[in-house]
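S.K.: Quick one: the structure is below, questions incoming.
Read-outs: derived from the displayed coordinates by stated rules, not from any lab. Because the structure is predicted, anything quoted here is derived from the model rather than measured. Note: ideal-geometry Cβ built from the backbone for every residue, glycine included; neighbour counts use all protein chains shown.
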Amino acid sequence: MTDMPTFDERLARAKFRAWHRGTREADYMIGGFFDRYSSQWDEQALGWFEDLLAEDDVDVMAWALKTAPVPERFQGEQIVKMQALDYVDIPR
């Protein structure tokens, strides 16, 4: 029987996955979102983000940029925060 990962272990795994998406743009958008909001998350919010991480970056970015409709399962306060894009700090 395998032990279930703790909330902190899941959070650490989500942070790594958020910042290692494969493109710089996705890293800034998804990783920046994680950095800005993850300290406020409960189990449900972390579960939402883990599900989001399973989606293709192109889709997640399109939802955040409002160029594609957000699937019902991702609609709500979290995606609205992501769509604000006020958390993206682009190094110059």
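S.K.: Between a residue in the stretch 1-28 that is farther than 27 Å from residue 62 by Cβ and any residue that is of a type in the set (D, E, K, R), which pairs come within a Cβ distance under 8 Å, given they are 6 or more apart or on different chains?
M.R.: Cβ pairs passing all conditions: 5/13; 7/43.
S.K.: While we're on this one: Find all pairs meeting these conditions: Cβ atoms under 7 angstrom apart; at least six residues apart or on different chains; first residue within the stretch 40-61 and more than 13 Å from residue 74 (Cβ to Cβ) and in contact (Cβ under 8 Å) with a residue 24 or more places away in the chain; second residue of a type outside the set (Phe, Trp, Tyr) and exposed (fewer than 11 other Cβ atoms within 10 Å of the Cβ).
M.R.: Sorted first by the residue in the stretch 40-61, then by its partner, the pairs are 57/22.
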